[in-house]
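Data block below; observations after.
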Amino acid sequence: MNTYVKVQHDETQEHFHVSLHFSQDQLKLVRSRGFKRPIIQNLQLAEIKHLLINDLLGCPVVSFFYRDRRYTFYQFGPAVIEYLKEHLAA
């Protein structure tokens, strides 16, 4: 699934287009960089804290904290938020 994510850390925030995939115990985020090697982040599901499923201006949003960063995923494409809810809220 592909979507947009905002990553906040201290006073900075970055926005990325990522491909996300779940495995048994982790969420894998792959950020494409054209001809360069993609940036891959593996988030351990057991370390995800403060899961929030909400609406922002009428659009569904999923956010959580992982270590010292806050990740916010926006609905972009069909069923992205449902896919996240299915795996994170279980």
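The values are calculated or read from the model by the stated rules, or taken from the named source; none is laboratory data. Since the structure is predicted, the reported quantities are computational estimates derived from the model, not experimental observations. Glycine also receives a Cβ, built like all others from the backbone with ideal geometry; neighbour counts cover every protein chain displayed.
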Fill in: Candidate set from segment 16-38 (those that are under 19 Å from Tyr74 (Cα atoms) and touching a helix residue (DSSP H, G or I) at 6+ places or on another chain (Cβ under 7 Å)); member that is surrounded by the most Cβ atoms within 10 Å (Cβ to Cβ)
Leu27
Worksheet item: Is there any pair with a first residue in segment 25-53 that is farther than 17 Å from Asp68 by Cβ and a second that is of a type in the set (Lys, Arg) whose Cβ atoms are under 7 Å apart and which are 6 or more apart or on different chains, and what are they?
Response: Pro38/Arg31; Ile39/Arg31; Ile39/Arg33; Ile40/Lys28; Ile53/Lys85
Worksheet item: Which one is farthest from the chain's Cα centre (by Cα), of the residues in segment 39-61 that are surrounded by 15 or more Cβ atoms within 10 Å (Cβ to Cβ) and within 16 Å of Asn2 (Cα to Cα)?
Response: Pro60
Worksheet entry | Residues being in contact (Cβ under 8 Å) with a residue 24 or more places away in the chain and closer than 14 Å to Phe76 by Cα - total across segment 1-15 | 6
Worksheet item: Which of the residues spanning segment 1-35 are small (Gly, Ala, Ser) and within 20 Å of Ala89 (Cα to Cα)?
Response: Ser19, Ser23
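Before we move on, is Phe64 part of a strand (DSSP E or B), at pLDDT 95 or above and surrounded by 11 or more Cβ atoms within 10 Å (Cβ to Cβ)?
Working: part of a strand (DSSP E or B): yes; at pLDDT 95 or above: yes; surrounded by 11 or more Cβ atoms within 10 Å (Cβ to Cβ): yes.
When the stated conditions are applied, Phe64 passes them.
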Worksheet entry | Meets criteria (under 10 Å from the mean Cα position of the chain (by Cα) and not in a strand (DSSP E or B)) for Leu84 | yes
Worksheet item: Within the set of pairs 6+ apart or on separate chains, which have a first residue in segment 76-89 that is surrounded by fewer than 15 Cβ atoms within 10 Å (Cβ to Cβ), a second that is part of a helix (DSSP H, G or I), and C-beta atoms under 9 Å apart?
Response: His87/Leu45
